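Report on one structure; see the data block that follows.
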């Protein structure tokens, strides 16, 4: 560029004019920055509609603040209820209360014996009850809990046929029919039932179900919003409930590939309900996944000391395996395997899915497949289908795995796990392009879907 | 009763059926297909290596020798006529990159004389012969003759259990497929490289006007403007080509963060120049100088491609051509608007607005790149610039509208 001729040179600026010019440009610069920021915000993705800050300040009501106290209460409950059913005798109401107390304890310990005993008590109660009476709701809930959803249909229908029931009770029964649909693979039917239940009576437990529904449909943001609504709608929040909620929120963070956020939630869970072996195990796996092996090992040992649950052993074995400590890993896995076999004998349907995970990692592929088929027959939901898919892959049946999982994906089970499985299945079946597509979809949902550390995540991935 | 329902429902939620993703880690074989051999980048989770081999994992000589021997016994390839390929393990070590540690090895697969290096039967039994649930993903990461340059990977297949062989046929290949892919890569990179394009556009803003002392004045003749534009673009091209070639071929390197900060500063300087003549008549020199910096950023994307010097050279050439094509398109799209508006009284306002826009972006990016933390201004700028084509189209409409509204000023002789 050439400068203008001297004749056209502009007049010199006054001294004060320089400062004003600089000030003017600074103001214009700030204004431009403000405009750009506003435009940027307008073009940002839509923000969630729910106020999620409630999730950071969940208050609690009086109740056991730690696992040991809660377990002591539960033990008392079982003792008191057992006193009313000496030698298995007692009316159906007493049996129902006994079963409920056992399920409460099982929630804290995951012991197979409690599930089996609860089932036996409910069977006795139902045998005694006249038509139209009996432990209908608890029977249905038990069936759902031990992964036999179809067995919940009859008691729920009986329950809903009662002549006198409140809206809240009707909503509860309807929501549980939604659970039956959910666990038998009918995502659309489940949503309809949940919405129907909310229309009858808005209940935070149904909102909790919707959170799970959204998660399995591949929408973690909607799930988090549902949890925020649960918090706002729940009048009484026991520490155990709050801790459980934080575990679910951590699981959602895992779904989104945010391991740091997941760990934060698991730490919150552990803090709100101290001494809970499950929360401690969640924390242990995150330390391992984030590279702090020493801390992970310490936390796993703490969790095992609190409760030598075989799922914790499996997580610990995975950590040892990843570090090349094959002999130690095998030893821990062997103890876990023995315990899973024992539990399978006592409560097969409740334990099948968990035992299957162990078999896939350590055991025999044919045995894993047998467990997976049985598990899927009982509750053909997306999760069971995906597990069956993994078992089929482990047995060299990629085409069959695709045949099992593609329909559930089409039915709406669009979590990243579905696509991660499909990616592997397509690759084994020689369908490279499909494998690429499935892989990309899995990564869109969870950027850490194929992170090597996934093998260390045994908790919160379901 | 309500509490009972809540408690019992909670039980059901917490005991939902498990459905963990693959609970055992995978191996990966990443294959790069060259003109004379296949290079395999092998990743085996260290834990599963130890489990399958019974060996101790470590980087001491004994452990690595044991690992080499084990791996050599579990990998092979044959040509379509059954003759064996030679397998050479170039490197092997245990590393921790992301997640648990891995056995990482580089293996060269060399075809027998006369055999097609693009067709082989791969044989692999490492870990999968012992651990039934272990899975090996085989992907192509580079195949110059097929236009695959490593930006995307192509799944070739998988191995598990008794499935220990995979037939690979990469087809004939096209001589310039890689160069075309590199060109596409270059086009894609510069199109998404908002900072590079903004630097160029900021330098172009004062091209249609004359400097008069410490201010920009009236419009420059069209021919002179076009020469200025050509000089700036050419100088920028020469500058970034020099460092792109240097980094890709001679491994010239600067740490990424200072390069990115310098790029942001180059935009700031261009923005200042668009406001007031800082270096009138020397725009091409500045473009060339800062082009050297921009080229270092380009090089991070394209270095390492190509298994032999010819492929590397063609990759760099193709990449550079892609960049130039998009640059020329952007200049061709923006220049007419600038020329038109420069002949109206509105140009100073446009020039100032453009300069401020670039200045704000530069400041935001400097802050972001120095601190490593995002900020809303930088995010807003990136979001806005993704709509670049619309902005250019809008500029042209504005130019045409202004031309109709104002009488053209006569260019200064």
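Below, the figures for the structure above:
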quantity	calculated
Entirely in the stretch B:85-157, the strands (runs of 3 or more DSSP E) that have 3 or more residues that are facing chain A (nearest Cβ under 9 Å), within 19 Å of residue A:426 (Cβ to Cβ) and in contact (Cβ under 8 Å) with a residue 12 or more places away in the chain	B:135-143
Test result for residue B:191, surrounded by fewer than 22 Cβ atoms within 10 Å (Cβ to Cβ), more than 14 Å from chain A (Cβ to nearest Cβ) and in a helix (DSSP H, G or I)	yes
Criterion violated by residue B:98 - all others in (1) modelled with pLDDT under 95; (2) closer than 28 Å to residue A:358 by Cβ; (3) more than 30 Å from the chain's Cα centre (by Cα) satisfied	(3)
Residue check, residue B:64 in contact with a strand residue (DSSP E or B) (Cβ under 8 Å, 6 or more places away or on another chain), surrounded by fewer than 22 Cβ atoms within 10 Å (Cβ to Cβ) and in a helix (DSSP H, G or I)	yes
Residue that is modelled with the lowest pLDDT, among those in the stretch A:337-366 that are buried (at least 24 other Cβ atoms within 10 Å of the Cβ) and more than 10 Å from chain B (Cβ to nearest Cβ)	A:351
Test: residue B:262 is free of Cβ contacts under 8 Å to residues at least 60 places away in the same chain, more than 14 Å from chain A (Cβ to nearest Cβ), over 18 Å from the mean Cα position of the chain (by Cα) and over 30 Å from residue B:310 (Cα atoms)	yes
One residue from A:177, A:160, A:102, A:137 being within 26 Å of residue A:380 (Cα to Cα) and at pLDDT 95 or above	A:177
So residue A:317, is it under 27 Å from residue A:146 (Cβ atoms) and assigned to a helix (DSSP H, G or I)	yes
Given (1) in contact (Cβ under 8 Å) with a residue 40 or more places away in the chain; (2) surrounded by fewer than 16 Cβ atoms within 10 Å (Cβ to Cβ); (3) within 14 Å of chain A (Cβ to nearest Cβ), number of the condition residue B:43 does not satisfy	(2)
Selection within the stretch A:430-462 - farther than 29 Å from residue A:266 by Cα, within 9 Å of chain B (Cβ to nearest Cβ) and buried (at least 19 other Cβ atoms within 10 Å of the Cβ)	A:431, A:435
Residue among A:192, A:148 that is away from every other protein chain (no Cβ under 14 Å) and either in contact with a helix residue (DSSP H, G or I) (Cβ under 9 Å, 6 or more places away or on another chain) or modelled with pLDDT under 95 (or both)	A:192
Residues of the stretch A:158-207 classified as under 19 Å from residue A:223 (Cα atoms) and assigned to a loop (DSSP other than H, G, I, E, B), total	4
Flag if residue B:385 is within 14 Å of chain A (Cβ to nearest Cβ), within 21 Å of the chain's Cα centre (by Cα) and at pLDDT below 85	yes
Residue match in the stretch A:209-227 (condition: facing chain B (nearest Cβ under 10 Å) and more than 26 Å from residue A:191 (Cβ to Cβ))	no
Segments classed as helices (runs of 4 or more DSSP H), wholly inside the stretch B:286-397, with at least 1 members that are over 24 Å from residue B:265 (Cβ atoms) and in contact (Cβ under 8 Å) with a residue 12 or more places away in the chain	B:309-342, B:347-371
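Conditions (1) surrounded by fewer than 21 Cβ atoms within 10 Å (Cβ to Cβ); (2) part of a helix (DSSP H, G or I), marked per residue:
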site: B:203; (1), (2): no, yes
site: B:238; (1), (2): yes, yes
site: B:242; (1), (2): yes, yes
site: B:262; (1), (2): yes, yes
site: B:274; (1), (2): no, yes
site: B:277; (1), (2): no, no
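For (1) at pLDDT below 95; (2) part of a helix (DSSP H, G or I); (3) more than 14 Å from chain B (Cβ to nearest Cβ), each residue gets a yes or a no:
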| residue | (1), (2), (3) |
| --- | --- |
| A:247 | no, yes, no |
| A:285 | no, yes, no |
| A:303 | no, yes, yes |
| A:324 | yes, no, no |
| A:332 | no, yes, no |
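The values are calculated or read from the model by the stated rules, or taken from the named source; none is laboratory data. Predicted model, so just to flag it, every value in this text is computed and none were measured. All Cβ positions, even for glycine, are placed from backbone atoms using ideal geometry, and neighbour counts span all protein chains on display.
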